[in-house]
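Where a number appears in this text, it was derived from the coordinates with a stated rule and is not lab data. All of these numbers come straight from a predicted model, not from anything done at the bench. Glycine gets a Cβ as well: all are built from the backbone with ideal geometry, and neighbour counts include every protein chain shown.
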There are 2 protein chains.
Amino acid sequence: MATNKRGRQSFLLPGPAVITHWASVAGKKEGEGPLAQYYDRVYQDTYFGEKTWEQGEKKLQQLSLMTLLEKAKLSTEQVDLVFSGDLLNQCIGSSFSLRGLGVPHLGLYGACSTMAESLLLSAMAVGGGFADRVVAMTSSHFASSERQYRFPLGYGGQRTPTSQWTVTGSGAALVCREGKGPVIECCTIGTVCDLGIQDANNMGAAMAPAAFQTIQAHMKDMRRRPEDFDLIVTGDLAQVGKEMLLELARQEGLSLGGKLSDCGSLVFDNTTQDVHAGGSGCGCSAVTLCGYLLDQLAAGKMNRILFCGTGALLSPTSTQQGLPIPGVCHAVSIASGRNG
Amino acid sequence: MATNKRGRQSFLLPGPAVITHWASVAGKKEGEGPLAQYYDRVYQDTYFGEKTWEQGEKKLQQLSLMTLLEKAKLSTEQVDLVFSGDLLNQCIGSSFSLRGLGVPHLGLYGACSTMAESLLLSAMAVGGGFADRVVAMTSSHFASSERQYRFPLGYGGQRTPTSQWTVTGSGAALVCREGKGPVIECCTIGTVCDLGIQDANNMGAAMAPAAFQTIQAHMKDMRRRPEDFDLIVTGDLAQVGKEMLLELARQEGLSLGGKLSDCGSLVFDNTTQDVHAGGSGCGCSAVTLCGYLLDQLAAGKMNRILFCGTGALLSPTSTQQGLPIPGVCHAVSIASGRNG
């Protein structure tokens, strides 16, 4: 078998990996945001009909998976594999959502990079001929995240200006060997980076070095330039992290200016929705990709994007122990699939 | 590209995926157990020179990675990718161990199935030509697990007879496109199963249905029988789970009797080491594989094993909320690589 490696971090797909369908399910606040029209479903109930927020998050993933399968006219038996993960301790949002469905499952932990990580591994599984139909999926929930990572919601803690608002939402994408839709061309796997940021309320800054390293590696490995993309879209650096990424890129002579966007900045209206620096959480890049971005590619309004999922690999324990916040970023290059 | 799928859950490798080197690092109690001679390093200090158990677990992974690279005479720059995960919230054992090493990393969460999951994905990455040298790695630590999942150690809580003892240890395996060593032939991806077990002190029972489902799927997909293996070795069902698996298999007409073994039963001496039902934790199957089992295959004392990593996908939150414990099991078929 020929190598599909390009450089150290990147690889091409030897066979087709087509995103034939995608689905997004969002919460109330997200449904009031600028991307509302692109979500398949918006729920007003933060519990999604369950008794706890954690079980609500499980339900969110079930809803996005079922919506995806409805759109694709497939039964669960026709799915070969689900790659999924989430932010809850031991990823219970993902594992409980698949209980009893009988679908093969590989669990991931990539924090907010999970949508990109699951998409990258789905591409590897499908492009390498190991599976025919694979789902990449993740979720996050504002309330389950707040109480796990920060304070009980009832405490009413003040948020700092650099803090981000965890998106309540789930996105799922179906990657297939056959069919029509946006195509995964190549991927770049990230390294664990940190510049010593210790402020758990400034995760954008903690993830920016990883985003820069991965974008730079992608350009080098694939011999590409930012001009080759309609959009380079990071996961959830939000306002503070995005500015830091632009500054890092400027220092290293890589001009991203006109091409860079960020799911954390797209998902909410920062001027009216009181989210401080912007959105975050695995669901942030998931609902933005599995709604707005893939819709744009499918409609030919964009021809190629670099989807860069960014994750802050901290835990409350590591923060309490005074450790800095490592970040990671995985990039997936997606073309509209309309040119041949 | 031809399909490498076999049945719904299994796949063959289209190119070589050779386990050229492996390393295991264990704690004091494990070093007093029956597999002591197979570990590369045994440490008496439960902190591994760090200030906290969580950072000690990070150090454990670093030690097993560095031992692996020493044995393989490779630098970190020569590793294309590390698949790893652990039991700590947000998998900080894995992400902090790779901070600043510059190694591409994809994070996993599969609970105690992580050694099998990381090996399966390493095989996919290498066998599919996406990477040349990939490390599959995981760890667990008795003290960091006890305080996260159960009680503070100082509390001295009584353990139930079905409870298992989390192994302090880390294992790492290097999967390569070229070289000599045991060969990964094919893999079976597990589904999320549960029979409604709610006792968090009886994880063996919670994982047994998943182990049975995956072993049965492997035999069907690959047209194999238990007689085709020298050993079918589950991750960490320990005594209670292993008996339950044998009973499930018997009910369904699959005779595993003489071939079944379990890492949770191999790793400790149940009669003298006071571990109740046996060992558990991601490190349990990791140190058993990356020591005893791969040594046996390399020496030709075994020709083929089915390594079945089992994971209990619970969290303290799901248990407190009264939910049952889903389980998962991934199987990797490894041959000695000495016959041709």
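Here A:E247 yields copy-to-copy label distances, from shortest upward, of 6.3 nm, the label point defined as 7 Å from Cα along Cα to C-beta.
With 10 Å bins beginning at zero, the pair-distance distribution over Cα atoms of the range B:93-209 amounts to 11, 34, 32, 18, 5, 0 %. Look at where the Cα atoms of the range B:317-336 and of the range B:43-86 average out, and the two centres are 24 Å apart. Distances between placed amide hydrogens fall under 5 Å for A:S280 paired with A:W165, A:T166, A:V167, all partners being 5 or more residues away or on another chain.
If you average the sequence gap of Cα pairs under 8 Å that are 6 or more apart and divide by the length of the range B:183-335, what percent do you get for the contact order?
Working: 306 pairs, mean separation 58.5, N = 153.
Computed over the range B:183-335, the figure is 38 percent.
The HN-Hα couplings worked out from phi for the range A:66-71 by the Karplus form 6.51 cos²θ - 1.76 cosθ + 1.60 (θ = phi - 60°) are 5, 5, 4, 5, 4, 5 Hz, whole numbers, x standing for Gly and Pro. Counting only Cα atoms, the size of the range B:95-142 along its three principal axes is 37, 27, 13 Å, in decreasing order. Shape summary: the range B:5-176 maps onto an equivalent ellipsoid whose semi-axes, from the alpha-carbon gyration tensor, are 29, 18, 15 Å in decreasing order.
Neighbour counts of other Cβ atoms within 10 Å put A:H330, A:H276 in the fewest-to-most order A:H276, A:H330.
A convex hull fitted around the alpha carbon atoms of the range A:116-161 yields 89 Å³ per residue. If contacts are Cα pairs under 8 angstrom and at least 6 residues apart, what is the relative contact order of the range A:5-176 in percent? Relative CO of the range A:5-176 lands at 30 percent. Computed about its Cα centre, the charge dipole of the protein assembly as shown is approximately 1100 debye, with only Lys, Arg, Asp and Glu carrying charge at their Cβ. Counting lysine pairs in chain A that sit 8 or more residues apart in sequence, or on different chains, and whose Cα atoms lie under 14 Å apart gives 4. Residues in the range A:90-104 carry Karplus couplings, in order, of 6, 6, 5, x, 6, 5, 5, 5, 9, 3, x, 7, x, 9, x Hz; the curve used is 6.51 cos²θ - 1.76 cosθ + 1.60 with θ = phi - 60°, and Gly or Pro positions show x. Evaluated with a Cβ-only charge set (Lys, Arg +1; Asp, Glu -1), chain B carries a dipole of roughly 560 debye about its Cα centre, given to the nearest 20. The chain A residue nearest the rotation axis shared with chain B, using its Cβ and rounding the distance to whole Å, is A:G128, 2.
Can you give the Kirkwood hydrodynamic radius of chain B from its Cα pairs, in Å with one decimal? So the Kirkwood estimate lands at 19.4 Å.
Once Rg and the Kirkwood radius are both taken over the C-alpha atoms of the range B:192-233, their ratio Rg/Rh works out to 1.09. For the range A:218-340, the calculated P(r) over all alpha carbon pairs, in 5 Å bins from 0 to the bin holding the longest distance, is 2, 10, 18, 22, 20, 15, 8, 4, 1, 0, 0 percent. Think of it as helices only: each DSSP H run of n ≥ 4 in chain A is worth -39500 (n - 2.57), and spread over all residues that comes to -9000 deg cm²/dmol at 222 nm.
Computed from the mean reciprocal separation of all distinct C-alpha pairs, what Kirkwood hydrodynamic radius does the protein assembly as shown have, in Å?
Radius from the Kirkwood sum: 24.3 Å.
The charge dipole of the range B:5-176, taken about its Cα centre with unit charges on the Cβ of Lys, Arg, Asp and Glu (plus for the first two, minus for the last two), comes to roughly 300 debye.
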